[in-house]
Amino acid sequence: MAFIDTHAHLDGEDFADDLHSVVQRAMDAGCRCVFVPGINVQTSEHLLKVCDSFKGFLYPMLGLHPEEVEADYRQQLLAMKEFVYESASNDSPVKIIAVGEIGLDFYWSRDFYEEQLQCFEEQVRWAVELHLPLMIHCRKAQAEMVRILRKYEKNLVGGVFHCFTGNEQEARELLSFQNFLLGIGGVSTFKSSHLTNVLHAVVPLSRIVLETDSPYMAPVPMRGQRNEPSFIPYIIKRLADGYNIPEEDICRQTIENTTSLFAI
Ligand SMILES: [Zn+2]
């Protein structure tokens, strides 16, 4: 089995003690590489360091996560822009492969509604300028997210709508963006989830990538535990059942989708 985990927060506290074992288990399970998303300015340098020490296996992305946006967002953006542009240059010891994770999240609160919109749009502009794909987080905000992304879609390389869990109509709307893919993770394995039906109905296999969102969202039967890239085979199995095709086809096609969008 071979696969790529396109979204795992392996730079976080949860993996501080045993990252080497986590990486080894991922490799043993068939993981080719893992994309590590950034969330804020404070952790960006550490993230780059971690990815540098597993060069060729951990690939960094940097951006300001919507839940990290605060009142002084202009300061946050200024500092983040420096990190993003520096680590996107050819001179950087470890190069970012995407801007992210960025997006909008109005699930818990709308306190920084305007600030979130500003931050998202500004970071989308960086992706256009740097010709980098986007790693997008969107919760309870698809209308706003789509409205902003439409303005730039012709100039964007593409991206991933990470942790997709929507319905058929939402899937269709997201797939109307060329070169954008849906990130599918542990939710697909939950008994209450209709996700595999939605995928089978309206999402061609050529438009999905795999992700864990480690340490969150562990798939069944690991639900509730710390998630890690070596759990991806549970997702592959569920998708193979849902699409009614062999697991190898899920592996081959999702790797192809990933490598055609990201410069790895
Ligand atoms: Zn994430």
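Read the figures in this text as sums done on the coordinates, not as results from a lab. Since this is a predicted model, take the numbers as computed values, not measurements. Virtual Cβ from ideal backbone geometry, glycine too; neighbours counted across all protein chains shown.
Residue by residue through the stretch 50-62, note down the ones that are within 16 Å of the ligand (Cβ to nearest atom) and surrounded by fewer than 22 Cβ atoms within 10 Å (Cβ to Cβ).
Val50
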**OP:** Output the residue which, of all residues in the stretch 63-82 that are touching a residue at least 24 places away in the same chain (Cβ under 8 Å) and assigned to a loop (DSSP other than H, G, I, E, B), is surrounded by the fewest Cβ atoms within 10 Å (Cβ to Cβ).
**Re:** Ala71
Original post:
Considering Phe83, Phe112, Phe161, which residue is within 18 Å of Leu174 (Cα to Cα) and of a type outside the set (Lys, Arg)?
Top reply: Phe161
Subject >> Pair list, Cβ under 7 Å, 6 or more apart: the stretch 231-249 residue within 17 Å of Pro204 (Cβ to Cβ), other residue in a helix (DSSP H, G or I) and polar (S, T, N, Q) >> reply: Leu239/Ser188; Leu239/Thr196; Gly242/Thr196
**OP:** Would you point out the residue of the stretch 207-222, among those that are surrounded by fewer than 18 Cβ atoms within 10 Å (Cβ to Cβ) and over 15 Å from Phe164 (Cβ atoms), that is farthest from the ligand (Cβ to nearest atom)?
**Re:** Pro221
Subject >> Failed criterion for Cys163 (all others in (1) within 16 Å of the ligand (Cβ to nearest atom); (2) touching an Asp or Glu at 6+ places or on another chain (Cβ under 9 Å); (3) part of a loop (DSSP other than H, G, I, E, B); (4) without any contact (Cβ under 8 Å) to a residue 40 or more places away in the chain hold) >> reply: (4)
Original post:
In the stretch 182-193, what count of residues is obtained for those that are surrounded by fewer than 21 Cβ atoms within 10 Å (Cβ to Cβ) and either free of Cβ contacts under 8 Å to residues at least 12 places away in the same chain or of a type in the set (Gly, Ala, Ser) (or both)?
Top reply: 2
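Among the residues of the stretch 198-254 satisfying the criterion of being among the small types (Gly, Ala, Ser) and touching a strand residue (DSSP E or B) at 6+ places or on another chain (Cβ under 9 Å), which is farthest from Leu58 (Cα to Cα)?
Across the stretch 198-254, the extreme among qualifying residues is Ser206.
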Original post:
Does Leu174 meet the test of being surrounded by 18 or more Cβ atoms within 10 Å (Cβ to Cβ), more than 15 Å from the ligand (Cβ to nearest atom) and part of a helix (DSSP H, G or I)?
Top reply: yes
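Here are some residues: Asp14, Asp5. Which one is more than 23 Å from Pro133 (Cβ to Cβ), of a type outside the set (S, T, N, Q) and within 16 Å of the ligand (Cβ to nearest atom)? Reasoning before the result, please.
Numbers: Asp5 fails: more than 23 Å from Pro133 (Cβ to Cβ).
None of the others qualify; the one that does is Asp14.
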**OP:** Return the residue satisfying two criteria in turn: it lies in the stretch 24-41 and is farther than 19 Å from Ile236 by Cα and of a type in the set (A, V, I, L, M, F, W, C), and of such residues it is surrounded by the most Cβ atoms within 10 Å (Cβ to Cβ).
**Re:** Val36
Original post:
In this structure, is Glu122 among the charged types (D, E, K, R) and either farther than 20 Å from Glu70 by Cβ or touching a residue at least 24 places away in the same chain (Cβ under 8 Å) (or both)?
Top reply: yes
Original post:
Inside the stretch 180-219, can you point out the residues that are farther than 17 Å from Val34 by Cβ and assigned to a loop (DSSP other than H, G, I, E, B)?
Top reply: Phe190, Lys191, Ser192, Ser193, His194, Val203, Pro204
Subject >> Matching residues in the stretch 83-118 - criterion: being within 16 Å of the ligand (Cβ to nearest atom), surrounded by 19 or more Cβ atoms within 10 Å (Cβ to Cβ) and not polar (S, T, N, Q) >> reply: Ile96, Ile97, Ala98, Val99, Gly100, Glu101, Ile102, Gly103, Leu104, Asp105
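Which residue is nearest to the ligand (Cβ to nearest atom), if the candidates are limited to the stretch 223-234 and must be part of a loop (DSSP other than H, G, I, E, B) and under 23 Å from Gly38 (Cβ atoms)?
Once the filter is applied, the top-ranked residue is Asn227.
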